[in-house]
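Peer 1: Questions regarding the structure given below will be posed in turn.
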Amino acid sequence: MEIKKRIEELTNDLLRYQEAYYVQGKSLISDSEYDGLFDELARLEREHPEYASPNSPTVRVGSDLTSDFPEVKHTIPVLSLDKAYSVEEVLSFMTKCEEKGKENLSFVEEEKIDGISMVLYYEDGLLVRGVTRGNGSVGNDVTPNIKTISQIPLRLKENIDLVVRGEVYIAKEDFLKFKDLDGAANPRNLASGSVRRQKSSETAAIPLQIFVYEGFWADETIAPKDHISILAKLKELGFRINPHIALFSSSKQKSQNMLDSAKLEGKAYAFDDLESYIKDVTAKRASLEYEIDGMVTKINELNVRDELGYTEHHPRWAIAYKFESPQAETVIEGITMQVGRTGRITPVAELTPVALGGSTVKRATLHNQEYINDLEIAIGDRVSVVKRGDVIPAVEEVLEKNDVGNTTFKIPLTCPCCNTPLVERGAHLFCPNTDCPDQVLGRITFFTSRDCMDMESLGPKSVEILIKHNFIKDIPDLYTFDFNKILDENIRGLGEKSVNQFKAAVEESKKRPFRTVLTSLGIPEVGKKGAEVLIKGGFDNIDKLIEASQKNDVDAFIKIPQVGIQTANTIINAFNDKVLLERIEKLKSAGLQFEENYEENSLDQIFSGQVWCITGSFVNYNPRGLALAEIEKRGGRTTSSVTSKTTHLLLGKGGGSKRANAESLGVKIVTEEEFISMINKGKVIPKSEPENGQLSLF
Ligand SMILES: NC(=O)c1ccc[n+]([C@@H]2O[C@H](COP(=O)([O-])OP(=O)(O)OC[C@H]3O[C@@H](n4cnc5c(N)ncnc54)[C@H](O)[C@@H]3O)[C@@H](O)[C@H]2O)c1
Ligand SMILES: [Zn+2]
């Protein structure tokens, strides 16, 4: 019910923002806030399609129709663009296109001009109509105004029927000169307002410009066959084309040859150059004469474009990379307390969702009371939020105080979960009750998480239900609880299938090595690295750790070079805690590994220091994660894309642009067979290719 409401709320809000933005040229919220809400709605609709409205802004192009101009139907789809916020996403878009198109493709990179979309209709070589994007299928006829833009040819050099898409914009410098005319907030608003003037003489007074970027020929026999040839032809016909064009393909030479044969000036690159290219454009963005808000990646081959087609909202053959801002502005709607698995209380700001550094941010940490006091943070304040590195977003500054009189927030004195009075330890407050349900949940889900015992079916949602129904209270209960009992309670969503998955996960977890079990206990200072250090330092079973701790044998710990006195004391403290000792005892009797198994860990670390990437599909490793596990077990690192740090590419059937990337970077390419003989030193004969040669692509 709550989700249904949220979807309704987001739909209505976004439609309201769209109306203001497209029709009145006003922004009620910032673009990144808008994008954040849009992404949230798209995600909720994906998860709950039953609640999605047919009028949702995610399936319709934001309409800029006004009643001031006649409406005309478009003869081509005039849509928005799908968005990406990282180079990785763009690369993965390219790979998917190649997989779907089943061929090696080339892609054009264009600047995403921040202006207003315009569709120009030519008949017999004459400009007959200039039409706004409208709602994608119907637009406003603004021909008289458009004719005032001298860069738009009224008559072409050929007598053809042609539809052209372009972006009308005003240069930054001109914006500064003319903005006071109608109080426009930014160049796009001024361009948009000028195109919609009732008197063309007023439009003519504003120095509007245009770059065109798509052409649709009525006569297919004379239509160019790829995007770069379209651009070259448009230029020849008298249109203004943005000279900042780049073509990406499997090699720089190939791209250059293609540009040459299309007779288009532009830069030629290999896929591998994309990251540095986008970086470069981002750096030069400020010095451009006009505003751009991103880059557009488009498939160059028109036959594949036709094959992929359109959604109701955007073409499937293009994607817009939006420049990420490392900082965003939004409002603190509320402040909640998070109780960590150790009982630590963290105040969290609940934000109006905002797009930030590649994702949508709804919550940001406020660290502790001292931090809140220093920044004087109150509910309702407008704040700036930042994301540094991979850390959780944090509120950085109050930009505007709330106008309802809320004062600086005070963290409550009792635990929000179990009401126990909080205690102070250092800069933080803690809930001292180890049975506190939030702590229990945190502790168990940490234990089952992917980086720990990796019990996928027992994720936070399932564990929460199990705790709610009093089935489990602590980690060892996972091993003693009779999961069949769940079936008696008829819990929605938890049927026999889930029960079997739970049981399998529990059994599977008993095989996890000691180092993993030790990490999963959640002892301070004993993370993945810490556990490894202790084991290598001689603590290769749990009893040795407990014994040394109970004897308070600090020396036994600090003789390990990586362990300092403070860490030693923390560990010793932990292993003197009765609750932890009991937990360990129970897990021991459940059959978990509490001793290092040297045989299992004696796998030669043949991939140590290497960085592997994997692409395509495999006969012996299906899903591909199995191959990744083999690499990691032998000391290798794995990544999702080929970069300059990648040392090996494991290449299956159908590997697309990653292969090209690897080749141009000189990354060693390893086939499945070679890989198997590397890890088995040739002992095992791999399964052969299935007869029908079917591929399963990811
Ligand atoms: N602040 C607000 O209240 C508010 C409201 C609505 C929309 N918005 C902003 O507008 C965005 C969505 O707007 P949209 O759908 O109109 O545009 P878009 O950002 O999704 O981009 C699509 C448009 O880019 C233009 N474009 C520029 N250069 C291009 C090129 N080289 N090739 C192809 N297209 C090019 C085209 O006109 C195309 O229609 C949102 O992401 C948001 O940032 C903000
Ligand atoms: Zn509590």
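Where a number appears in this text, it was derived from the coordinates with a stated rule and is not lab data. Model, not experiment: these values are computed from the prediction. Here Cβ is always computed from backbone atoms with ideal geometry, including for glycine, and neighbour counts include all displayed protein chains.
Peer 1: Over the Cα atoms of region 329-430, each weighted equally, I'd like the Debye log10 I(q)/I(0) at q = 0.09, 0.12, 0.13, 0.20 Å⁻¹, rounded to two decimals.
Peer 2: Each listed q maps to, in turn, -0.22, -0.39, -0.45, -1.01.
Peer 1: Write down Rg/Rh for the chain, rounded to two decimals, with Rg from the C-alpha atoms and Rh from the Kirkwood relation over Cα pairs.
Peer 2: In the chain, Rg relative to Rh is 1.02.
Peer 1: What FRET efficiency comes out for ASP306 versus ILE606 if R0 is 41 angstrom and r is the Cβ-Cβ distance? Round to the nearest 0.05.
Peer 2: 0.30
Peer 1: Now for a different question. Using the alpha carbon gyration tensor of region 604-680, what are the three equivalent-ellipsoid semi-axes (square root of 5 times each eigenvalue), largest first, in whole Å?
Peer 2: 17, 15, 10
Peer 1: Using amide H atoms built in the peptide plane, which far-off residues or other-chain residues are under 5 Å from GLU396 H to H?
Peer 2: SER384, VAL385, VAL386
Peer 1: When the Karplus curve 6.51 cos²θ - 1.76 cosθ + 1.60 is applied with θ = phi - 60°, which whole-Hz ³J(HN,Hα) does each residue of region 554-564 get, with x for Gly and Pro?
Peer 2: 3J(HN,Hα) across region 554-564, in whole Hz: 4, 4, 4, 8, 6, 6, 7, x, 7, 9, x.
Peer 1: Which order do the peptides 655-667, 372-384, 480-492, 269-281 take when ranked by the mean count of other beta-carbon atoms within 10 Å per residue, highest first?
Peer 2: 655-667, 269-281, 372-384, 480-492
Peer 1: Turning to a different aspect of this structure: Once phi is turned into θ = phi - 60°, what whole-Hz ³J(HN,Hα) does the Karplus curve with 6.51, -1.76 and 1.60 give for every residue of region 133-145, x standing for Gly and Pro?
Peer 2: 5, x, 9, x, 10, 10, x, 8, 7, 10, 3, x, 5
Peer 1: Largest first, please: the extent of the C-alpha atoms of region 437-509 along each principal axis, to the nearest Å.
Peer 2: 30, 26, 20
Peer 1: What list of ³J(HN,Hα) values in whole Hz, one per residue of region 64-74 in order, does the Karplus curve 6.51 cos²θ - 1.76 cosθ + 1.60 (θ = phi - 60°) give from phi, with Gly and Pro shown as x?
Peer 2: Rounded to whole hertz, the list is 10, 5, 10, 7, 6, 10, x, 9, 10, 7, 7.
Peer 1: If all Cα-Cα distances of region 483-533 are sorted into 10 Å bins from 0 onward, what percent lands in each bin, rounded to whole numbers?
Peer 2: 24, 30, 25, 19, 2
Peer 1: Viscosity 1.306 mPa s, temperature 10 °C: Stokes-Einstein D of region 212-350 from its Kirkwood Cα radius, in µm² per second?
Peer 2: This corresponds to a translational diffusion coefficient of 86 µm²/s.
Peer 1: List residues of region 413-428, by number, whose backbone nitrogen lies under 19 Å from a label position 7 Å along Cα→C-beta of HIS367.
Peer 2: 424-428
Peer 1: Report the Cα-based extents of region 71-322 along its three principal axes, largest first, to the nearest Å.
Peer 2: So the three principal-axis extents are 51, 42, 33 Å.
Peer 1: Positive end of the dipole of region 296-432, charges at C-beta (+1 Lys, Arg; -1 Asp, Glu), about the Cα centre: which of PRO421, PHE323, PRO353 has its Cα farthest in that direction?
Peer 2: The one lying farthest along the dipole's positive direction is PRO421.
Peer 1: Starting from 0.36 nm per residue, how many nanometres of slack lie between LYS102 and ASN159 once their C-alpha separation is accounted for?
Peer 2: 16.8 nm
Peer 1: Let me ask another. Give me, ordered by chain and number, the residues 5 or more places off VAL670 or on other chains with an amide H under 5 Å from its own placed amide H.
Peer 2: LEU649, LEU650, LEU651
Peer 1: Could you tell me the convex hull volume per residue, in Å³, taken over the Cα atoms of region 80-164?
Peer 2: Measuring per residue, one finds 155 Å³ for the Cα hull of region 80-164.
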